[in-house]
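The values are calculated or read from the model by the stated rules, or taken from the named source; none is laboratory data. Just so it is clear, the structure is predicted and the values come from calculations on it, not from any experiment. When we count neighbours, we look across all protein chains shown, and the Cβ atoms used for this are built from the backbone with ideal geometry, even at glycine. Ligands, DNA and RNA are excluded from the accessible area calculation, which covers all protein heavy atoms including side chains. Shrake-Rupley method; radii C 1.70, N 1.55, O 1.52, S 1.80 Å.
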Amino acid sequence: MKQQEIDDQVFDLYDEYCHGGMNRRQFFERAAALTIAGASALSMAKALIPNYAQAQEVLFTDERIKATWVDYDSLGGSSGRMRGYLVQPQGEGPFPAVLVMHENRGLNPYIQDVARRFAVAGFLALAPDGLSPIGGYPGNDDDGRAMQRTLDQSKLRQDMVNSARFVKSHTLSTGKLAATGFCWGGGTTNFLATELGSDLQAAAPFYGAAADSDKVGNIKAAVQVHYAEVDERVNAMRPDYEAALAANGVTYEMHVYPGTRHGFHNYSTPRYDAEAAKLAWNRMVSFFQEQLT
């Protein structure tokens, strides 16, 4: 089912479902109760559930990359240890490094694929699994979302900070670091920029919560922010964030993609907008190449 075939009411319910306002059964029940002339709202709701078989632009067997799982220390995090998906381009390196942070449901196949895409583009990419201290991504987003809500959020964010430092100092890294993330990972990208200061060269958050205005002065990285046009919750934070970036002399750019919804880069659901996702990806890769080389 295509995005334009899905009613706005169903998209609103899906956004609430994605951000923990209900479980899948409740999402389907509330969708089924909607009155939409000539169409099944339940069918629309079911079409929005991710299909990760479609979220494979670069296979793990691709000869241009090498993907491995790595374990590393994470002092102050959820358990003191972390696990991540490390993907390198073929060759001896070193390579500029990118941290890729997941949404609010752990390291699912879509985010793993984003890491592989970065390796094809010439970066050493690490996608940490914030759920690894409690067993790792469970194989489905519903359980992953529930698991992530049980974690102490400050410790989970510290795991991401430690992951950034791990990949930055990796023997295959040039020592230049960028970070990106989506939804929860987008907000954590903004947070990371305030925490790492000059240790981070570039940040590209996708539709994530803005950094705290009183901490924006800590940002030394160049920032490229990606917004969906139809994303009221996140976009409401933009004016204050932009004002703080400008007031503190941070190098930044912001892009809004017309007609898109929260999650437009994720190609496993009908919220995906192929044209906008490609444009945003190319902008980000070029931005990282410029800032890290």
Open item on the list: Going by what's in this entry, would residue 261 be described as farther than 30 Å from residue 46 by Cβ, charged (D, E, K, R) and surrounded by 13 or more Cβ atoms within 10 Å (Cβ to Cβ)?
Closed with: no
Open item on the list: Of all residues being farther than 18 Å from residue 288 by Cα and without any contact (Cβ under 8 Å) to a residue 60 or more places away in the chain in segment 154-186, which is least open to solvent (accessible area, probe 1.4 Å)? Just the residue, please.
Closed with: 161
Open item on the list: Exactly one of these conditions fails for residue 212: (1) acidic (Asp, Glu); (2) more than 18 Å from residue 124 (Cα to Cα); (3) surrounded by 15 or more Cβ atoms within 10 Å (Cβ to Cβ). Give me its number.
Closed with: (3)
- [ ] Sort through 119, 67, 115, 127 and tell me the only one that's open to solvent by less than 10 Å² (accessible area, probe 1.4 Å), in contact (Cβ under 8 Å) with a residue 24 or more places away in the chain and more than 20 Å from residue 208 (Cβ to Cβ).
- [x] 119
- [ ] Looking only at segment 130-149, count how many residues are free of Cβ contacts under 8 Å to residues at least 24 places away in the same chain and over 20 Å from residue 269 (Cβ atoms).
- [x] 1
TODO: Among the residues of segment 71-83, write down those that are in a strand (DSSP E or B) and surrounded by 15 or more Cβ atoms within 10 Å (Cβ to Cβ).
DONE: 72, 81, 82, 83
Open item on the list: With small (Gly, Ala, Ser) and at pLDDT below 95 as the only criterion, which of 84, 76, 106, 91 stands out?
Closed with: 91
Task: segment 269-293 residues that are in contact (Cβ under 8 Å) with a residue 12 or more places away in the chain, paired with ones that are open to solvent by 50 Å² or more (accessible area, probe 1.4 Å) (beta carbon under 6 Å, 6 or more apart) - done: 270/1; 292/176
Task: Qualifying residues in segment 239-293 (those that are among the polar types (S, T, N, Q) and farther than 21 Å from residue 202 by Cα) - the one modelled with the highest pLDDT - done: 260
Task: Residue in segment 35-58 that is modelled with the highest pLDDT, counting only those that are open to solvent by less than 50 Å² (accessible area, probe 1.4 Å), part of a loop (DSSP other than H, G, I, E, B) and under 19 Å from residue 112 (Cβ atoms) - done: 58
Open item on the list: Between 201, 224, which is touching a helix residue (DSSP H, G or I) at 6+ places or on another chain (Cβ under 7 Å) and open to solvent by 10 Å² or more (accessible area, probe 1.4 Å)?
Closed with: 201
